[in-house]
Amino acid sequence: MITVKNLSKSFDGNTVLKDISITFEQGKTNLIIGRSGSGKTVLLKSILGLYEVDEGEIWFNDRNLVNMGEKERKALRRELGMVFQGGALFDSINVEGNVRFPLDMFTHMSSAEKQKRVEFCLDHVNIEKQAFKLSPSEISGGMQKRVAIARAIALNPKYLFCDEPNSGLDPETATVIDQLIQSLTKEFQMTTLINTHDMNSVIEIGESVLFISKGEKEWVGTKHDILNSNNQKLEDFIFANKLYAQMKRGQ
Amino acid sequence: MGFFFHIGRYFVMLKKVFARPERLKMYIRQLFLEIDNLGVNSVWIVLIISIFIGGIMTIQFAHAMENPLYPSELVGLGTRDTLLLEFSSTMLALIMAGKVGSNITSEIGTMRVTEQIDSLEIMGVNSASYLILPKIIAVVFIFPFLYIISVFFGLLGGLVTGPLVGVITIPEYIDGIQWLFYPYFITFSIIKCLVFGFLIASVSAYFGYYVQGGALEVGKASTKAVVNTNILILFFDLILTRLLLT
């Protein structure tokens, strides 16, 4: 579980996040939605510790990230998995090597154990063996995302972060990625945070949804609650998506 | 202010670079890859440039020493000392700043803009150390070898070109390159190579590591890295020459 309390963050006097408080539960897919520039990525990167916050607390169960020293942060980071918007796979190593990298760096497993773990992770994200030796530039965008997910779960993380995992993917592949993230969240009982502005993802896997607007927490609920919400800003956001508007009208 | 900001941030980066590695084995593996990528892959260009420059210098020295009062050995001596003192260390460093330096900046810069560096940080890897330390060690390690290769092939270039165009005979040239030889010149130049190697790798890495934006900014950072490294190489050349040679 991750609990954020009164989080604020600004850049050069420009406030990006204002007094955000929210709890992200374990075993659920927690979505952060909002327009581009609303502060979603800043919130995610602040929780990850990539940005120092101005005010507030970020609790990973009973550990407050804000008060942690460098050593404690490093230890915590080994419990985190992250899927970046562009995949962020290492160009210089192949698919297999990307998944093996965290194992090489942080575990004392034997070569055979590492290979087994790599195959387990890649198998979980439906990557076929023929693709193991390919470089990231030789595989499709959807496959890159799946390899990034495999790398993120290689060390059995307690917390999984996904920054717009569907961006640049066709709707079918995007649905596959959404379902994959949800099933892995359930299987490994991770606390998963997904940053998205894709309403299809909300419909698909939005077990808990935080809507932020101009850096402020505007609305919290589930995918089912969204249809009955009277929040004007949320309605403006979701009505931009015609399919969602039709669903709300019961068409 | 910008100048002091960059100096300060450069040293902050160096502090991170020289931190204790998370897994030494991974760093050593990376070091061998960098020696191959940055060093061994540069041998051909060093070799070709040195042969041509050696040949050109021999012809030019022969042309300048046409007066019969000058001993013919001066052609070999001039070629040798120019290679030993300046070309194979300083000029080669300027060339390497273009080839190796821009390679380092663009590689690290691309990793920055594609979030690969963030990815390393989130895993708990000291990205500055993992990406930059092996490059610095590789360039500092390989540079003296490139210097020796450059001197050897530069002299060989003169040996082939001089007699071929008829400006000097082989015995005169060989006598010249052995005449008034000071072994300290090699020590002096190897010290310069170590300093230049460090500058090339660390300054180029600095510009790549802190790049912000996209592909265009990575290109601009590469240009900035080459320009700044070249200025620093010449500045340190002046200081080292003053300190160690006069």
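When segment A:118-139 is filtered for residues that are without any contact (Cβ under 8 Å) to a residue 40 or more places away in the chain, crowded, with 16+ Cβ neighbours inside 10 Å, in a helix (DSSP H, G or I) and within 22 Å of the chain's Cα centre (by Cα), the ones remaining, listed by number, are A:Val118, A:Cys121, A:Leu122. The helices (runs of 4 or more DSSP H) found wholly in segment B:86-169 and carrying at least 3 residues that are in contact (Cβ under 8 Å) with a residue 12 or more places away in the chain and under 24 Å from B:Gly219 (Cβ atoms) occupy B:92-96, B:102-113, B:127-165. Looking across A:Val66, A:Val99, A:Val53, A:Val42, one residue alone is touching a Phe, Trp or Tyr at 6+ places or on another chain (Cβ under 7 Å) and modelled with pLDDT of 90 or more. It is A:Val42.
Can you confirm whether segment B:170-186 contains a residue that is within 14 Å of another protein chain (Cβ to nearest Cβ), among the hydroxyl-bearing types (Ser, Thr, Tyr) and either surrounded by fewer than 19 Cβ atoms within 10 Å (Cβ to Cβ) or within 30 Å of A:Ala148 (Cα to Cα) (or both)?
Looking for residues that are within 14 Å of another protein chain (Cβ to nearest Cβ), among the hydroxyl-bearing types (Ser, Thr, Tyr) and either surrounded by fewer than 19 Cβ atoms within 10 Å (Cβ to Cβ) or within 30 Å of A:Ala148 (Cα to Cα) (or both), one finds none in segment B:170-186, hence no.
Selection within segment A:158-184: residues that are within 14 Å of chain B (Cβ to nearest Cβ), at pLDDT below 90 and out of contact with any strand residue (DSSP E or B) (no Cβ under 6 Å at 6 or more places or on another chain). The member of this set that is farthest from A:Lys223 (Cα to Cα) is A:Gly168.
For A:Ile203, the criteria (1) β-branched (Val, Ile, Thr); (2) under 25 Å from A:Phe237 (Cβ atoms); (3) touching a strand residue (DSSP E or B) at 6+ places or on another chain (Cβ under 7 Å) hold in every case but one, which is (3).
Going residue by residue through segment A:113-121, is there one that turns out to be at positive phi and more than 13 Å from every other protein chain (Cβ to nearest Cβ)? Looking through segment A:113-121, none of the residues is at positive phi and more than 13 Å from every other protein chain (Cβ to nearest Cβ). Within segment A:71-112, the set of residues being over 16 Å from the mean Cα position of the chain (by Cα), at the interface with chain B (Cβ under 9 Å from one of its Cβ atoms) and of a type outside the set (A, V, I, L, M, F, W, C) comprises A:Arg73, A:Lys74, A:Asp91, A:Ser92, A:Pro102, A:Asp104. Taken across segment A:108-116, residues that are more than 19 Å from A:Ser183 (Cα to Cα), outside any helix (DSSP H, G or I) and assigned by TED's automatic domain parsing to the domain that holds A:Gly13 do not occur at all. Against the list (1) within 22 Å of B:Lys99 (Cβ to Cβ); (2) surrounded by fewer than 16 Cβ atoms within 10 Å (Cβ to Cβ); (3) touching a residue at least 40 places away in the same chain (Cβ under 8 Å), the condition B:Val227 fails is (3).
The values are calculated or read from the model by the stated rules, or taken from the named source; none is laboratory data. What you are looking at is a predicted structure, and each value in this text was computed from that prediction instead of being measured. So basically every Cβ, Gly included, is an ideal-geometry build from the backbone, and we count neighbours across all protein chains shown.
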